[in-house]
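We did not get these values from a lab; they are worked out from the coordinates using the rules stated. Because the structure is a prediction, the values reported are computed rather than measured. Virtual Cβ from ideal backbone geometry, glycine too; neighbours counted across all protein chains shown.
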Amino acid sequence: MTAVHEELRNVPPVKLVVQNVSKTFATRHGPVHALDDISLSVREGECVCMVGPSGCGKSTLLNIIAGLETPDSGAVLADGKPISAPGRDRMVLFQESALFPWLDVMGNLMFALKLKPNLNKQARREVALYYLGLVGLGKFAHSHIHELSGGMKQRVALARAMAPNPRVLLMDEPFAALDAITREQLYDDIQRIQEERPKTIIFVTHNVREAACLGDRVLLFAPRPGRIEGEFPVPLSRPRDFGSLDVARHASEVMHALKHHLQSEGMEATE
Amino acid sequence: MRRVLSPIFFFGALVVAWEALVRAGIWSPVMIPSPLSVGEYFWRAGMDGTLGGAMLVTLRRLLLGYFIGLLIGLPLGFMTARFRICKDTLGVVALGLQTLPSICWVPLALLWFGQTEVATLFVVIMGTVWSALIATDHGVRTISPIYVRAAMTMGSRRLHTWVKVILPASLPFIVSGMKQGWAFAWRSLMAAEIYVTILTGFGLGQLLHYGRELHAMDQVIAVMLIIILIGLLADKILFSPWERFLHRRWGTTE
C-alpha cells in the first residue's frame, strides 16, 4: 500500500526552458526551416498553448521537448538539465490516441507502468485503476480499444500518459479529431485533472478558442521560418467555460493577430 | 439451422446430379466415374491404409517444410524491414524469387539432392520463405510509427520495443503472411510430389500421379477431394483461431 501511496504522490511540475532552438528538415523541395532560433520559458505548472498555421514548427518543438527529435542547434532544459531522449518525466498525448490495439485498456496502462521499476503487480494495478478513475473510465478496464468512442480513447490515452506520473504533459492536437460536444467535456476534464495533479503542460492546437480556454498563455507561431510571432497571456480564473465571453474575447484577440499576420504575409486564413 | 441445411442440400444435389449424368451414359465411365465408385475407392484405400499413409507422408513433409520456411522467413522479414541494407539486397532477392512458381525449383532440387525427401523439403521451403518474408516486411513497415514513439516516451527501448510493440503491432500482417506462405507451401509440395517419385515415402501427389498412370479415375478424383479437404481443414484449424482472436482484439473486419 505504501508503494502505491508513494507512486501516487503529486510530483512537482517542472520548469522548461527552450534555448535558441533551430531545426531544419530536408525535403524533396529543398530544406524547410521548421524552427528558427526559438527561445521560451515555461513556468512550473503553467499551461502554454501553441497555435499557428500548418508548418509553423509547433509540433516539431513539442517533439523536441519530448526528446523524440533532436534540434540542430540550441537546447531544451527541464529544471536546468538538458533533454536528449524521451523520458517518463515528459509524456505525450498524440493526435490519434496511439493506444495499442493488441492490449485492452488495462493492458495499455500497465504497459507504461511495467517499465517503471519498484512496483509489484498489485501496486501497478492499483495505480492504473486510480488513473482510469481519474478520467472517469474505471468501468472500462477490460474493454478492447476498438470498442471505445473517440473521446473515450483520448481519455484512456490521457490516463496512460498520466500513469508514469510525469512532470510535463505534451499534447499534440489531442482533440482535433473529436466532435464539438466531446471536446468541450474534455476541456472540463483537463482543467479538473490539472487542478488535482498539476503538471507543466504544452498544448499544440489549431483551435484558437481551445487555446484561450486551456492556456495560461497563448503563443502564436508563424511559418517559414518557424518562429514565435506573438504572446498572449490569458489571466482568467479557472475553471473556464469554453463558451464564456471572456474566453471568446481572448480568443478573438489572438485570432485578430493571426489574421493580421497572415494578411501581411499574403496568405489566407484557412483555419 | 438454415446455414447447416442449405449446404447439405446443395452438395447432396450436386452428388445426385453427378450420378444422374454418369447413368445417362454420355461419357465413358473411365473418364467420369460414378460417385459410388469414388466412394468405393475411398473405402478400399481407406481400409488398406493407402490413403492414411499417403496423407501422413504428405502432411509430415508439408508441416516440416512450412515451419522451417517460417523460421527462416519471419526473422528475415523483420531484418529487411529494419535494415536498409537488407532491404536493398535480400529484399530484392525475395521479390524476385517470390515471382518464381515453386514448381520451377523442382529440376534444381532433383539435381542437387536426387530423388530424396530433402528435395521435396527444399521445394516446400522455397515456396514458403519468400512469401513469409515479404508479408512480414510489409507488416512491420505498415504499422503506424506513432506506436513506437508512444512506447519510447513510456521508456521502451530497442529489444523491448521490438518484442512488445513492433511484433504485436504487425501480428495481423504476419498472420496473413503465414496464411499465404501456407498456400504456397501446399501448392509447391503437390507439384513436387506429382513430379518426383521418392521411394522413402508415398504421398498424396504420388497417389494422384499413379492414378493417372493406371487410368484409375476414381482414384484421381478421390485424392483430389482429399487434397481439397486438407486445404479447408488447415484453414479452419491453423488460421481461423488466430483470425478470430485478431478480429476480437483489433476490431478488424473478417
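Of the residues screened, B:ALA151 is one that is within 14 Å of another protein chain (Cβ to nearest Cβ), farther than 18 Å from B:LEU51 by Cβ and in a helix (DSSP H, G or I).
The one condition from (1) buried (at least 19 other Cβ atoms within 10 Å of the Cβ); (2) polar (S, T, N, Q); (3) in a helix (DSSP H, G or I) that B:SER156 does not meet is (3). Let me confirm something: among A:LEU137, A:LEU178, A:LEU186, which residue is in contact with a Phe, Trp or Tyr (Cβ under 6 Å, 6 or more places away or on another chain), away from chain B (no Cβ under 14 Å), of a type outside the set (Gly, Ala, Ser) and under 30 Å from B:GLY251 (Cα atoms)? It is A:LEU186.
Highlighted here are the strands (runs of 3 or more DSSP E) found entirely within region A:1-76 that include at least 3 residues which are under 25 Å from A:CYS213 (Cβ atoms) and within 15 Å of the chain's Cα centre (by Cα): A:47-51. Restricting region A:140-153 to residues that are in contact (Cβ under 8 Å) with a residue 40 or more places away in the chain and surrounded by 17 or more Cβ atoms within 10 Å (Cβ to Cβ), which is farthest from the other protein chains (Cβ to nearest Cβ)? Going through the qualifying residues, I end up with A:LYS153.
Against the condition crowded, with 17+ Cβ neighbours inside 10 Å and either not small (Gly, Ala, Ser) or not in a helix (DSSP H, G or I) (or both), how does B:LEU108 come out, does it pass?
Values: crowded, with 17+ Cβ neighbours inside 10 Å: no; either not small (Gly, Ala, Ser) or not in a helix (DSSP H, G or I) (or both): yes.
Taking the combined requirement at face value, the residue does not satisfy it.
Within region B:23-38, the set of residues being in a helix (DSSP H, G or I) and closer than 9 Å to B:ASP218 by Cβ comprises B:SER37, B:VAL38.
In region A:56-78, the residues that are more than 14 Å from chain B (Cβ to nearest Cβ) form Cβ pairs under 9 Å with partners that are of a type in the set (Lys, Arg) and surrounded by fewer than 16 Cβ atoms within 10 Å (Cβ to Cβ), at six or more places apart or across chains, as follows: A:CYS56/A:ARG224.
The condition (being within 13 Å of the chain's Cα centre (by Cα) and away from chain A (no Cβ under 14 Å)) is satisfied by just one residue among B:ILE103, B:ILE134, B:ILE125: B:ILE125.
Assess whether B:THR89 counts as being surrounded by fewer than 19 Cβ atoms within 10 Å (Cβ to Cβ), assigned to a helix (DSSP H, G or I) and more than 14 Å from chain A (Cβ to nearest Cβ). First the steps, then the outcome.
Working: surrounded by fewer than 19 Cβ atoms within 10 Å (Cβ to Cβ): yes; assigned to a helix (DSSP H, G or I): yes; more than 14 Å from chain A (Cβ to nearest Cβ): yes.
Yes: the conditions hold for B:THR89.
State whether the residues of region B:183-190 include one that is away from chain A (no Cβ under 14 Å), in contact (Cβ under 8 Å) with a residue 12 or more places away in the chain, under 30 Å from A:SER143 (Cβ atoms) and surrounded by fewer than 19 Cβ atoms within 10 Å (Cβ to Cβ). So far as region B:183-190 goes, no, none of its residues is away from chain A (no Cβ under 14 Å), in contact (Cβ under 8 Å) with a residue 12 or more places away in the chain, under 30 Å from A:SER143 (Cβ atoms) and surrounded by fewer than 19 Cβ atoms within 10 Å (Cβ to Cβ). Taking B:SER170, is it small (Gly, Ala, Ser), within 12 Å of chain A (Cβ to nearest Cβ) and more than 30 Å from B:PHE122 (Cα to Cα)? No, not satisfied.
Scanning region A:92-133 for residues that are outside any loop (DSSP other than H, G, I, E, B) and touching a strand residue (DSSP E or B) at 6+ places or on another chain (Cβ under 6 Å) gives A:VAL92, A:LEU93, A:ASP104.
Can A:ALA128 be described as at the interface with chain B (Cβ under 10 Å from one of its Cβ atoms), surrounded by 20 or more Cβ atoms within 10 Å (Cβ to Cβ) and of a type in the set (Gly, Ala, Ser)? Before you say what the answer is, go through the steps one by one.
Numbers: at the interface with chain B (Cβ under 10 Å from one of its Cβ atoms): no; surrounded by 20 or more Cβ atoms within 10 Å (Cβ to Cβ): yes; of a type in the set (Gly, Ala, Ser): yes.
For A:ALA128, the condition - at the interface with chain B (Cβ under 10 Å from one of its Cβ atoms), surrounded by 20 or more Cβ atoms within 10 Å (Cβ to Cβ) and of a type in the set (Gly, Ala, Ser) - is not met.
Of all the criteria given as (1) within 14 Å of chain A (Cβ to nearest Cβ); (2) part of a helix (DSSP H, G or I); (3) surrounded by 19 or more Cβ atoms within 10 Å (Cβ to Cβ), the one not satisfied by B:VAL175 is (3).
Of the residues making up region A:236-249, one or more are in contact (Cβ under 8 Å) with a residue 24 or more places away in the chain, farther than 30 Å from A:PRO86 by Cα and part of a helix (DSSP H, G or I).
Is one or more of the residues making up region A:26-49 within 14 Å of chain B (Cβ to nearest Cβ) and either under 22 Å from A:PRO174 (Cα atoms) or surrounded by fewer than 17 Cβ atoms within 10 Å (Cβ to Cβ) (or both)? Checked region A:26-49: no residue is within 14 Å of chain B (Cβ to nearest Cβ) and either under 22 Å from A:PRO174 (Cα atoms) or surrounded by fewer than 17 Cβ atoms within 10 Å (Cβ to Cβ) (or both).
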